[in-house]
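**Student:** One structure coming up, written as structure tokens, with questions to follow.
No value in this document is a laboratory result; all are computed from the given coordinates. Quantities reported herein were computed from a predicted structural model and do not represent experimental measurements. Glycine also receives a Cβ, built like all others from the backbone with ideal geometry; neighbour counts cover every protein chain displayed.
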Amino acid sequence: MASIVQRGKAENTYAVTYYSTTMEGKKKKEWIGGLTKGEARIKKREIEIAIEKNNLVMPTNMTVEAFLNDFVQKVTKSGGSKRHTRPTRRCFAIM
């Protein structure tokens, strides 16, 4: 599943490697580097648990703007939320 790789002979930095599946169904090797040995062991176990539970979320290069545009398009296509379609009026008493 996941493995720990030492990065450099003199340095005490490690990386965790694992294979993930892209949206197109292709396998891709992922690296998470710059970790100590203890951090690498923890990250390795987290990745293995996520893979077992099928909860592994792959990082993307999508910007917040692109994400929000995609989200708004999906919500408007599905009809959105009916209870937030009318504006509300609020009256405040002046003291």
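**Student:** Assign one of three labels to region 19-63, namely rounded, prolate or oblate, based on the Cα gyration tensor with a ≥ b ≥ c the square roots of its eigenvalues; rounded applies when a/c is under 1.5, prolate when it is not and a/b is larger than b/c, and oblate otherwise. Don't jump to the answer; show the numbers that get you there.
**Tutor:** Numbers: a/c = 2.12, a/b = 1.51, b/c = 1.40.
It is prolate, given that a/c is not under 1.5 and a/b is the larger ratio.
**Student:** Could the peptides 18-28, 43-53 be put in order, highest first, of the mean number of other beta-carbon atoms found within 10 Å of their residues?
**Tutor:** 43-53, 18-28
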